[in-house]
Amino acid sequence: MTSNRGPIRESVTTIGRDGERRFLHPAIVVGAWWRARRLVAWLLIAFFALLPWVDVGGFPAVFLDVEHRRFHLLGATLGLGDVWLLFFVITGWCFLIYATTALLGRIWCGWTCPQTVYLEHVFRVVDRLFEGDHVSRAKLDAAAWSRPAKFLRRGGRALAYLILCWVVAHIFLAYFISIPGLYPMITAAPQAHPAAFVAMAVATGLLFFNFWWFREQLCLILCPYGRLQSALIDDDSVIVGYDEKRGEPRGKAAPGITAGDCVDCRRCVQVCPTGIDIRQGLQMECVACTSCVDACDDVMTKLKRPTGLVRYASLRELAGGRTRFLRPRTILYSALLTVGLIVATVSLLRVQPAGFKLSRPPQTELYVVSADSVANVFRAKIQNKDDVPRRFFVEAEASPTKLSVLNQSAGLVIAPQAEVTLPLTLLVDRRDYRGEFNFTLRLRSDDGKVSVLQKAHFIGPAPSTLAR
Amino acid sequence: MKKDADQPVIMPHAYDGIQEYDQSLPNWWLCTLFASIAFAFGYWAYWFHSGVGSDDRVALDAELAALEARQLAAVKDLDEATLWKMSRNPSTVAEGQAVYASLCFSCHGPTMAGIKGVGFRLNDDLWVHGNTGMAVFRNINEGVVFDGKPTGMASQKALGTGRIAAVTAYLLSFQKEGQMKAIERTKEPSQLTP
């Protein structure tokens, strides 16, 4: 089924006519872009691996404590009640990606996506180490399993993959369990922490499957961002493109035959990790990894021709025009990104280290009228989200009628990360009572770090029935 | 067009001039479809026909019933003598005092002197809703209904039997066994004073 003519636009190279998977063996080309990408990849991997070790304010910088439903982010502690902030994180992330995509194409995919970072800069290195370059890898693929060389090389590679996936799974788990939580689990027997062990084993298995077998299929078929490209990219987005005007017609110039700069060496096809021919134009499969740029520049340098036959350029630039960076969509995405950033920052800064919720206790009278006063009983849920104990007070804040909160003068000390349910009795003097009203209660702490407002409604009889 | 092994087959039909390639789905993609069909059969058999997996509602009911049974057993073991014995045990009384200070004080006052119009005085020997330790326990556990209507004293079951018993013991620690006096509660809210 494989053809000598190579990739075509109409079909996905890695999927055969009958739906079978075709494995690619892309060559590695070392060039300026490759060096820059590898540096970025190493920095990202180091960042990912080291972040769980960094402590901010007594907790890991990023610790998504699912077990206790608390999320520690750079010293701030968020509870489940703060999950609404996630909206701004996700939309902010989306608009950041939209804006960069409109400007620079799939720069995320080629440079920073974990799939690319680990596949290109970790697992393909292992491939090369155990099975050699792209030619010997393809040969090994075709060889029979009865040959010990294949068994040893592929087995060794699988073992290396397994160890690497196992390490990555542990680092991943550290974000949810924290290093101090993870270490005793690693040293203990698996049955002591079955849930964590299963999570680790499943993560290892998924990673192994992904990097061993699935690879570029994730980018081509599963990744939603990849499928959105056609809507996000326009003629002015900077993509990895082939300069057709300069390159065509391909081939060797000879007397009587004019030829462009492309010598049709097919090096760009050889190095492509998703199996396309970049000279066929912008394609869905392209993750803008710049391998073909390095490959072509290398060839052009050897031929003493100017580099950049394949380069970062917009479709408009490749057609002879000039890239416009200021366009309605880049302005709109950036504006929405800015709005999201501002809202996210403001709301993150306003997250209180305490929670305060009011409800009415079930099966009780809505109000009690006595000789002097009208009383309402509320149930207050006060949560100390911080890591230090704090003394809390509840006070009447905005109320049209003079309202007193009983027995709150001494305040209430709540332990770190603890929640207390407390009945609150609110009294209005009968002489002041003018019917039902809305009021606001403030929860504050003695150190002034907490100030949460809650609105509520005071229920009582019609004032006329209280007339003496 | 030249016939080529790699050129995809074009379907014979055309709608509005639009033609369609006859491309295969990736096999792994088809596998996810078949796997989910297989999973559905297993799921259906497990939850509805094997008798192993039970309904969420059944599981919830069973768990609630077990919880209630535990609570009932704990309450059944309680009797007047036990409550009075607990009321003379310093650590139980201290536990009860902590519960009082976090909950009861808001209506009955920090010194148990009561709050006019809200909660009865608890530090004298006059008792409106029953003058035994068990009556006090029941009032906290189940709440007080007066004249057919719920009162401000709601059920505090959420505390759990142990802590309700402890706070009862705390209240009893100010009383002498057999010397709690019963008095009538009147209907008038204005007389609902400590």
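Read the figures in this text as sums done on the coordinates, not as results from a lab. Here the structure is a predicted model, which is why all the values come from computation and not from measurement. Reconstructed Cβ throughout: ideal geometry from the backbone, glycine too, with neighbour counts over all protein chains shown.
Quick look at the values:
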read-out	value
Modelled FRET efficiency - R0 22 Å, A:Ser404 with A:Lys449, Cβ distances, 0.05 increments	0.30
Amide hydrogen neighbours beyond the local backbone of A:Leu78, cut-off 5 Å, H modeled	A:Phe71, A:His72, A:Leu73
Cβ-Cβ FRET estimate between A:Ser11 and B:Asp61, R0 fixed at 45 Å, reported to 0.05	0.20
Using θ = phi - 60° and Karplus 6.51 cos²θ - 1.76 cosθ + 1.60, couplings along the stretch B:140-154 (whole Hz; Gly, Pro as x)	6, 5, 10, x, 10, 10, 10, 6, x, 10, x, 10, x, 7, 8
Whole-angstrom gap from the stretch A:217-289 to the stretch A:359-418, using each part's C-alpha centre	67 Å
Integer Hz, Karplus 6.51/-1.76/1.60 couplings in order for the stretch A:306-312, x for Gly and Pro	x, 6, x, 5, 10, 7, 6
Highest-first arrangement of A:365-375, B:165-175, B:81-91, where packing means the average Cβ count within 10 Å	B:165-175, A:365-375, B:81-91
Prolate/oblate/rounded label for the stretch A:14-104 (Cα gyration tensor, a/c 1.5)	prolate
Sum of side-chain charges, B:Ala81 neighbourhood, beta-carbon under 13 Å (Lys, Arg +1; Asp, Glu -1)	-2
Across chain A: Cys residues that no other cysteine approaches within a C-beta distance under 4.7 Å	A:Cys94, A:Cys109, A:Cys113, A:Cys165, A:Cys219, A:Cys223, A:Cys262, A:Cys265, A:Cys272, A:Cys286, A:Cys289, A:Cys296
For chain B, share of DSSP beta bridges that run antiparallel, in % to the nearest 5	75 percent
Separation in nanometres of the label points that stand 7 Å from Cα toward Cβ, at B:Leu72 and A:Trp145	6.1 nm
Amide proton proximity set for A:Phe392, modelled H, under 5 Å, gap of 5+	A:Leu412, A:Val413, A:Ile414
Whole-Å distance, taken between Cα centres, linking the stretch A:303-320 and the stretch A:21-45	21 Å
Peptide B:153-166 - average C-beta neighbours from other chains (10 Å radius)	2
Sparse-neighbourhood loop sites, trypsin sites (Lys or Arg not before Pro) in the stretch A:38-82 - DSSP loop, at most 13 other Cβ within 10 angstrom	A:Arg69
Within-10-Å neighbourhood charge of B:Met134 [Cβ basis; K, R +1; D, E -1]	-1
Partner chain coverage, peptide B:103-110 - average Cβ within 10 angstrom	5
Sorted peptide list for B:12-21, B:141-150, A:214-223, criterion being average Cβ within 10 angstrom, highest first	A:214-223, B:141-150, B:12-21
The stretch B:80-191: C-alpha gyration tensor shape, a/c 1.5 cut-off, then a/b vs b/c	prolate
A:His68 versus B:Asp125: modelled label distance in nm, points set 7 Å from Cα along the beta carbon direction	4.9 nm
Shape category assigned to the stretch A:70-180 from the gyration tensor of Cα positions, a/c cut at 1.5	oblate
In the stretch A:296-346, the chymotrypsin sites (Phe, Trp or Tyr not before Pro) that fall in loop regions by DSSP, at most 15 other Cβ within 10 Å	A:Phe325
Loop GluC sites (Glu not before Pro), the stretch A:1-106 (other Cβ atoms within 10 Å of the site Cβ: 12 or fewer; DSSP)	A:Glu10, A:Glu67
Number of partner chain Cβ atoms within 10 Å, mean per residue of A:372-378	4
Tilt relative to chain A, helix A:85-104 - C-alpha long axis, 0 to 90 degrees, to 10	30 degrees
In degrees, nearest ten, helix B:56-77 long axis to first principal axis of chain B (Cα)	20 degrees
Cα-based radius of gyration of chain A once divided by 2.2 N^0.38 Å, which approximates compact folds	1.40
Computed FRET value (nearest 0.05) for A:Phe437 with A:Cys94, which takes r as the C-beta separation and R₀ as 41 Å	0.40
Debye equation applied to the C-alpha atoms of the stretch A:354-466, log10 I(q)/I(0) at 0.18 Å⁻¹	-0.87
Extension gain from A:Val30 to A:Ser359, taking 0.36 nm per residue of separation minus the Cα-Cα distance	111.9 nm
Distance in nm between pseudo-label sites at A:Ala192 and B:Gln7 (7 Å out along the Cβ direction from Cα)	6.7 nm
³J(HN,Hα) computed for each position of the stretch A:391-406 - Karplus, 6.51 cos²θ - 1.76 cosθ + 1.60, integer Hz, glycine/proline x	9, 10, 10, 10, 10, 6, 9, 10, 8, x, 10, 5, 10, 10, 9, 6
Local net charge near A:Ala396, Cβ-Cβ under 9 Å (Lys/Arg +1, Asp/Glu -1)	0
Distance from the stretch B:134-172 to the stretch A:137-210 (C-alpha centre basis), Å	56 Å
Helix A:148-177 axis, angle to chain A major axis (alpha carbon atoms, nearest 10°)	20 degrees
